[in-house]
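The structure appears right after this line, and notes come after that.
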Amino acid sequence: MIYKDMPSPQKKKGSSFEREVANFLSEIYQESFIRAPGSGAYVGGKNQTRKEFLHEGQVRSFKGDIVPGQSFPRFNAECKSYNDFPFHLVLTGDCKVLDNWIEQMIAVAEPNDISILFMKFNRKGKFVAVKCGPTWVTDNFMYYSSKFGDWLLIEFNDFFKNNKDLLKAYSAPTDTTSVKKENILTINV
């Protein structure tokens with residue numbers, strides 16, 4: 001019996017990696033990160049206008065592949081799990097696969113978001129791509145310059161060993177209006 005709504009093996013592989021990343025982030029930050037329901041496309045690309053009718057929490061739930069913890073409002077992530085990746089094209093500065101993934105990720109990002117691309121390739125390992133601008137700490141990386149700016153590709157474990165606290169700080173609220181009310185001191189004059 002064949003069911004039309006059964007996900008493809010590639011979709012299952014991608015969903016599994018999204019859960020793996022969400023579980024990893026939940027564990028290291030002691031906050032709830034979950035795999036986003038459906039796809040980031042719900043508020044990305046041609047669907048940007050949907051953001052006008054959603055509250056902040058709803059937008060966060062539909063942007064990217066991972067719904068971040070409460071203290072990560074500026075966090076935007078995509079996850080990609082594939083058999084192979086043309087690393088040699090990163091060195092040429094013309095990697096269309098990477099360009100497409102970055103474009104998909106930033107299409108749903110807000111202007112001040114910290115966008116991070118999680119990648120997993122069979123028999124090669126896990127990696128992250130982060131935009132240059134914020135200071136990231138690493139000894140080993142690949143530099144990629146594209147029409148979407150300058151990016152660093154860093155091995156996954158190395159990235160988190162050196163940047164765990166930086167990622168949290170960069171993903172934190174940028175203004176005091178996002179702070180919980182019980183943390184605000186009001187002085188009446």
*Can you give the percent of C-alpha pairs in the stretch 81-150 whose distance is more than 19 Å?*
33
*Non-local amide H neighbours of residue 64 (under 5 Å, H modeled in plane, Pro and chain starts lacking H): which ones?*
40
*Under a 5 Å amide H to amide H cut-off, with H placed in plane at 1.01 Å, what residues pair with residue 34 once short-range neighbours are removed?*
67
_From the phi angles alone, apply the Karplus equation (6.51, -1.76, 1.60; θ = phi - 60°) to the stretch 154-169 and give each ³J(HN,Hα) in whole Hz, x where the residue is Gly or Pro._
10, 4, 3, 5, 5, 4, 6, 4, 9, 10, 3, 6, 5, 4, 5, 5
*Kindly write out, for the stretch 112-117 in residue order, the coupling ³J(HN,Hα) from the Karplus curve 6.51 cos²θ - 1.76 cosθ + 1.60 (θ = phi - 60°), rounded to whole Hz, with x marking Gly and Pro.*
9, 5, 9, 9, 9, 9
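Values quoted throughout were computed directly from the atomic coordinates according to the rules given, and no laboratory measurement underlies them. If you're wondering where the values come from, they're calculated on a predicted model, not measured in any experiment.
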